[in-house]
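The values are calculated or read from the model by the stated rules, or taken from the named source; none is laboratory data. Every value quoted in this text rests on a predicted model; they were computed, and no experiment measured them. Here the Cβ is made from the backbone with ideal geometry for all residues, glycine too, and neighbour counts use every protein chain on show.
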Amino acid sequence: MNNRDICILAFKIMGIYLLIQAIVGLPTMLTTALMLMFSHATFGSAAMSVGYLFSGLLTCGLQFLAGASLITKTDVLAGLLFPQRGAEADVHAFSLRDVQTVAFSIVGLVFMVQAIVQLPSFVMDCYVAMAYSKAAAGPNLDSPSHRFFVVLFQMIVKFAAGAWLFWSGRVLADFWHKLRIATGTPTTGEKQ
């Protein structure tokens, strides 16, 4: 097993996780949408209920698409992290740095996917916030329209941090290696 194989295995495991999340989230989203559709007096209009249904379906769809892509396109992602080095590459050797590179990249991919999957719900929440602000007499700090900026900031930071972790996995693994050397922590079995 080489570093590309570890990377492929990790991406496929994450893909399976996202597929399960999409499947598990579908019934919850459908029952919530049905409850909203039959409680117009409490929540508002049927259009908002349909909007929530659509955003929930889109969220589940994005999770399913991301999971299926991670399962089927792992060679492409592994190639981004560990390009083929040719016949001279050691097929059975991998280092602790390679495993750390994959781990940082997986965490980054999780953050990016979470931010992307959160986008449909965010758009629907913005729509609801605009509806509330039109109905309100003036600005209200407790209204959803003020909170959506916080959620937008969180999504942007989560996506940016995820992208940085994904593309900088090797740099972070090298940093951890140098840190272990500087602190005198043994690195037994690791290739230099």
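For Tyr17, the conditions (1) surrounded by 20 or more Cβ atoms within 10 Å (Cβ to Cβ); (2) at pLDDT 80 or above; (3) hydroxyl-bearing (Ser, Thr, Tyr) all hold with the exception of (1). Note on segment 74-180: enclosed helices (runs of 4 or more DSSP H) holding 2 or more residues that are modelled with pLDDT of 80 or more and hydroxyl-bearing (Ser, Thr, Tyr) are 96-135.
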